[in-house]
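**Student:** Supplied in structure tokens, the structure appears directly below.
The values are calculated or read from the model by the stated rules, or taken from the named source; none is laboratory data. Being a predicted model, the structure only gives us computed values, none of them experimental. Note that each Cβ is placed from the backbone with ideal geometry, even for glycine, and that neighbours are counted across all protein chains shown. Keep in mind that these areas ignore ligands, DNA and RNA; they rest on the heavy atoms of the full protein, side chains included. Shrake-Rupley method; radii C 1.70, N 1.55, O 1.52, S 1.80 Å.
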Amino acid sequence: MKKRIIPIRQLVSVLLALLCISCQSLSQEPALIVPANFVWSEPPIIQAKNLQPLATYRLEVERALFSSDTTHQNSSLTYVADENGAINTALYPDETDESLSPYLPFQTMASVKGPTSVPKGVVQLRLLSADGVVIDERQVRTSPPQDRFYEEALGADFPGAFVLKRRDLTTALPALVILGGSEGGVTSARAQAPTFAAEGYIVLGFPYYSPAWFGDKPAIPELPRAFAELPVDYLESAVEKLRDRPDVDASSVSLLGGSKGAEYVLLAASLIPDDSAGGGFCAIVADVPTDVVWEGWGKYEAAERYSGFSWRGDALPFVPYVDIERVWNARSTGDNYTMTQAHENGRAAFPGAVESARIRVEAIDEPVMVIGGDKDTTWASGKLSRIIAARRTKAGLETETYVYPEGTHRVGGPPLARLSEANLRARLENFPAMMSFLRRHSTRPNCRT
């Protein structure tokens with residue numbers, strides 16, 4: 001009996017057909033469809049395919065916090081597959097605005113005590129059946145991978161300060177200095193720096209004090225623990241050091257500060273001379289700012305009052321708080337007296353101090369952007385942003401103002417976060433606007449002058 005010899009060409013065709021059948025079979029497995037990265041400029045759309053039509057599924061999202069190693073966040077939302085067995089979070093029914101739907105898995109996150117195995121800058125996605133069986137899981141980055149960047153310390157004179165830039169950019173880059181708020185340390189800058197470095201800035205994360213809140217150890221022991229007479233000159237020296245770097249465009253340095261960091265950057269822009277080696281900026285962004293210098297805390301006995309900032313060795317005039325101890329003790333007493341009340345009562349009780357403590361925003365010749373909210377319970381950032389804008393507009397100075405009636409102290413920043421609907425809507429407007437503002441002014445020729 002003769003053996004049948006199959007021609008090579010025919011054999012290849014058979015193998016390819018079998019391979020296609022195998023691929024088709026694999027493609028029918030239920031699966032999540034996600035981008036490699038969630039970026040600030042695009043909605044974080046999550047999809048799933050090859051599900052049972054009209055069946056119910058649960059999407060779980062988990063992420064680590066840059067600000068804590070002992071707490072993380074997660075959310076759990078229920079979706080129903082369509083008649084084709086697909087889920088698209090952009091199409092999740094939302095009574096108010098479909099554009100918010102992709103953000104719901106992040107907007108609805110809750111804080112959970114305990115660490116997580118999910119790396120920082122990454123979200124873990126899990127799709128589960130109605131009976132709790134994991135169907136698929138993926139990890140998606142919310143900030144670019146660390147190996148895309150180069151990082152080094154600014155120098156021994158600036159504990160905790162770091163410089164971050166993209167590895168693939170070799171020309172001198174515009175610089176952006178980021179200052180956090182009363183939380184201290186460098187967690188805010190760490191969370192934000194990759195987003196701005198990815199946009200082509202060389203970023204200076206600049207911690208200026210490091211408190212020991214509620215008995216915790218200070219993250220950067222070399223920095224002041226108290227928010228007391230912090231020298232604005234310190235930022236001047238840091239910017240001078242930054243400008244000495246060959247990879248920095250010395251004519252293009254901008255400042256971004258949030259909360260107490262906004263108070264700091266407005267002071268710096270108003271006090272540091274343009275002809276100083278650490279002075280002259282391209283743009284200033286003040287997220288939930290104040291228009292005055294406030295009383296400091298954490299250094300002396302409660303009966304003594306002192307400024308939060310100093311300049312050239314002299315304490316700056318300040319507005320005292322009223323009943324600030326009630327705020328500090330609120331954790332144990334359950335008192336609902338807010339920081340905004342302590343600030344506003346201080347303004348009312350010391351009108352003369354308000355006048356002498358005003359930050360000279362009309363002396364800032366650089367373009368300024370302010371972001372505030374009228375429901376802010378830390379300080380009245382909506383009202384204070386309007387005051388800043390009005391004084392600068394009267395002086396004929398360029399100012400962009402974003403104030404939201406329902407916004408809180410979290411009204412500014414990237415939109416991929418646990419947020420109220422009002423703050424999410426605000427961020428979807430003001431964060432792209434801020435990126436455009438910084439880009440427009442940091443590339444302006446000789447913006448330092």
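**Student:** Along the three principal axes, how long is the range 56-190 when you take its alpha carbons, biggest first, rounded to the nearest angstrom?
**Tutor:** 61, 36, 30
**Student:** Right, next: Suppose R0 equals 22 Å; then what is the FRET efficiency for residue 335 and residue 65 from their Cβ-Cβ distance, rounded to the nearest 0.05?
**Tutor:** Details: r = 27 Å, r/R0 = 1.21.
Calculated transfer efficiency: 0.25.
**Student:** So, one more: Please work out which option in (i) 48, 27, 20; (ii) 41, 27, 17; (iii) 37, 26, 22 gives semi-axes √(5λ) of the Cα gyration tensor in Å calculated from these coordinates, and answer with its label.
**Tutor:** Step by step, semi-axes √(5λ) of the Cα gyration tensor in Å for this structure corresponds to label (i).
**Student:** Would you please calculate the Kirkwood hydrodynamic radius of the range 363-438 over all C-alpha pairs and express it in Å, rounded to one decimal? Write out the running numbers ahead of the final one.
**Tutor:** Details: mean 1/r = 0.0794 Å⁻¹.
Radius from the Kirkwood sum: 12.6 Å.
**Student:** Given charges of +1 on the Cβ of Lys and Arg and -1 on the Cβ of Asp and Glu, with all other atoms neutral, how large is the dipole of the range 358-428 about its Cα centre, in debye to the nearest 20?
**Tutor:** Working: 12 positive and 9 negative charges, 44 e Å.
Its charge dipole is roughly 220 debye.
**Student:** Right, next: Using the Cα centre of the chain as origin and beta-carbon charges of +1 (Lys, Arg) and -1 (Asp, Glu), tell me which of 205, 100, 35 is placed farthest towards the positive end of the dipole.
**Tutor:** Among 205, 100, 35, the one farthest towards the positive end of the dipole of the chain is 35.
**Student:** Roughly how many debye, to the nearest 20, is the charge dipole of the chain about its Cα centre, given +1 on each Lys and Arg Cβ, -1 on each Asp and Glu Cβ, and no other charges? List each step's numbers first, then the result.
**Tutor:** Values: 45 positive and 54 negative charges, 324 e Å.
So the magnitude is around 1560 debye.
**Student:** Could you count how many Lys pairs in the chain have their Cα atoms under 21 Å apart, skipping same-chain pairs fewer than 8 positions apart?
**Tutor:** 10
**Student:** Using alpha carbons only, how many degrees (0 to 90, rounded to 10) separate the axis of helix 339-349 from the longest principal axis of the chain?
**Tutor:** Value to nearest ten degrees: 20.
**Student:** With contacts defined as alpha carbon pairs under 8 Å and 6 or more residues apart, what's the relative contact order of the range 244-380 in percent? Intermediate values should be presented prior to the final figure.
**Tutor:** Values: 224 pairs, mean separation 36.3, N = 137.
Reported as a whole number, the value is 27 percent.
**Student:** Output the relative contact order of the range 43-170, whole-number percent, from Cα pairs under 8 angstrom with separation of 6+ residues.
**Tutor:** Working: 244 pairs, mean separation 31.0, N = 128.
Relative contact order comes out at 24 percent.
**Student:** Report, in whole Å, the centroid distance computed from the Cα atoms of the range 386-413 and the range 201-245.
**Tutor:** With the range 386-413 and the range 201-245 each reduced to a Cα centre, they are spaced 26 Å.
**Student:** Name the residue farthest towards the positive end of the dipole of the range 271-366 from the options 338, 285, 315, assuming +1 on Cβ of Lys and Arg, -1 on Cβ of Asp and Glu, about the Cα centre.
**Tutor:** 338
**Student:** How long are the semi-axes of the ellipsoid equivalent to the range 228-268, from square roots of 5 times the Cα gyration tensor eigenvalues, in whole Å, largest first? Kindly include the intermediate steps, with their values, before the conclusion.
**Tutor:** On the way: eigenvalues 91, 30, 8 Å².
They are 21, 12, 6 Å, listed from largest to smallest.
**Student:** What does the helix-only formula give at 222 nm for the chain: each DSSP H stretch with n ≥ 4 adding -39500 (n - 2.57), the total divided by the residues, and the result rounded to the nearest 500 deg cm²/dmol? Walk me through the intermediate numbers first.
**Tutor:** Details: 11 runs with 122 residues, N = 449.
Counting only the DSSP helices, I get -8000 deg cm²/dmol.
**Student:** Can you compute the FRET efficiency between residue 349 and residue 117 using 1/(1 + (r/R0)^6), with r the Cβ-Cβ distance and R0 = 51 Å? Round to the nearest 0.05.
**Tutor:** Numbers: r = 50 Å, r/R0 = 0.99.
That pair, residue 349 with residue 117, gives E of 0.50.
**Student:** Let me ask another. Cα axis of helix 421-442 to longest principal axis of the chain: angle in degrees, 0 to 90, nearest 10?
**Tutor:** The helix 421-442 is inclined about 70 degrees to the chain.
**Student:** Sticking with this one: What is the spin-label model distance, in nm, from residue 304 to residue 91 if the labels are put 7 Å beyond Cα along the C-beta direction?
**Tutor:** Spacing of the two 7 Å Cα→Cβ label points: 6.6 nm.
**Student:** May I pose another question? Set the Förster distance to 22 Å, then compute FRET efficiency between residue 131 and residue 54 from the Cβ-Cβ distance, nearest 0.05. Intermediate values should be presented prior to the final figure.
**Tutor:** Values: r = 16 Å, r/R0 = 0.73.
Efficiency at R0 = 22 Å is approximately 0.85.
**Student:** Provide 150, 402 ordered by accessible surface of protein heavy atoms (probe 1.4 Å), highest first.
**Tutor:** Result of the area sort, largest leading: 150, 402.
**Student:** Could you work out how far apart the two model spin labels at residue 433 and residue 377 are, taking each label as a point 7 Å from the Cα in the direction of the beta carbon, and quote it in nm?
**Tutor:** In this crude label model, residue 433 to residue 377 measures out at 2.5 nm.
**Student:** Let me ask something additional. Can you give the Kirkwood hydrodynamic radius of the range 285-383 from its Cα pairs, in Å with one decimal?
**Tutor:** Averaging 1/r across every pair of different Cα atoms and inverting gives 14.7 Å.
**Student:** Using the heavy atoms of the protein chains and a 1.4 angstrom probe, tell me the accessible area per residue for the range 304-449 in square angstrom. Show your work: numbers first, answer last.
**Tutor:** Details: 6790 Å² over 146 residues.
On a per-residue basis, 47 Å².
**Student:** I'd like to compare 132-144, 287-299: which one has the highest average count of other Cβ atoms within 10 Å, and what's the full order after that? If you can, show how the numbers build up before the last one.
**Tutor:** Values: 132-144: 15.2, 287-299: 23.5.
Most protected by this proxy first, the peptides run 287-299, 132-144.
**Student:** Also: Taking N as the number of residues in the range 405-447, what is its Cα Rg relative to 2.2 N^0.38 Å? Mind showing how you got there, number by number?
**Tutor:** Numbers: Rg = 12.8 Å, N = 43, 2.2 N^0.38 = 9.2 Å.
Rg over 2.2 N^0.38 Å, computed on Cα atoms: 1.39.
**Student:** Let me ask something else. How far, in nm, would the chain grow between residue 216 and residue 240 when pulled straight, counting 0.36 nm per residue and subtracting the alpha carbon separation?
**Tutor:** Details: separation 24, 0.36 × 24 = 8.64 nm, distance 3.25 nm.
My answer for the length gained is 5.4 nm.
**Student:** Related question: Provide the per residue accessible area, probe 1.4 Å, for the range 99-164, rounded to a whole number of square angstrom.
**Tutor:** In whole numbers, the range 99-164 has 46 Å² accessible per residue.
**Student:** Something else about it: For the Cα atoms of the chain, what angle does the longest principal axis make with the long axis of helix 381-394, in degrees from 0 to 90, nearest 10?
**Tutor:** Its long axis makes an angle of about 70 degrees.
**Student:** For the chain, build the charge dipole from Cβ charges (+1 Lys, Arg; -1 Asp, Glu) around the Cα centre, then report which of 373, 230, 76 sits farthest towards its positive end.
**Tutor:** 76
**Student:** Still on this structure, I have one more. Give me the distance in nm between label points sitting 7 Å out from Cα along the Cα-to-Cβ direction at residue 323 and residue 108, one decimal.
**Tutor:** 3.8
**Student:** So how do 410-423, 315-328 stack up, highest first, on mean other-Cβ count within 10 Å?
**Tutor:** On the way: 410-423: 21.4, 315-328: 18.1.
Result, highest mean first: 410-423, 315-328.
**Student:** Still on this structure, please answer the following. Quote the relative contact order of the chain in percent (integer), defining contacts as alpha-carbon pairs under 8 Å separated by 6+ residues. It would help to have the intermediate numbers written out before the result.
**Tutor:** Values: 987 pairs, mean separation 49.9, N = 449.
So the answer I get is 11 percent.
**Student:** Report, by chain and number, residues whose modeled amide H sits under 5 Å from the one on residue 230, excluding near sequence neighbours (fewer than 5 apart, same chain).
**Tutor:** Amide H to amide H, under 5 Å and 5 or more residues apart or across chains, residue 230 pairs with 309, 310.
**Student:** Once neighbouring chains are kept in place and the probe is 1.4 Å, which whole percent of the accessible area of the chain is contributed by carbon and sulfur? If you can, show how the numbers build up before the last one.
**Tutor:** Numbers: 11260 of 21220 Å².
Result for the chain: 53 percent of the exposed heavy-atom area is carbon or sulfur.
**Student:** Quick check on packing: order 365-375, 192-202 by the mean number of other C-beta atoms within 10 Å, highest mean leading. Write down the numbers at each step before the final one.
**Tutor:** Details: 365-375: 23.8, 192-202: 21.6.
Taking the mean over residues of other Cβ atoms within 10 Å, the ranking is 365-375, 192-202.
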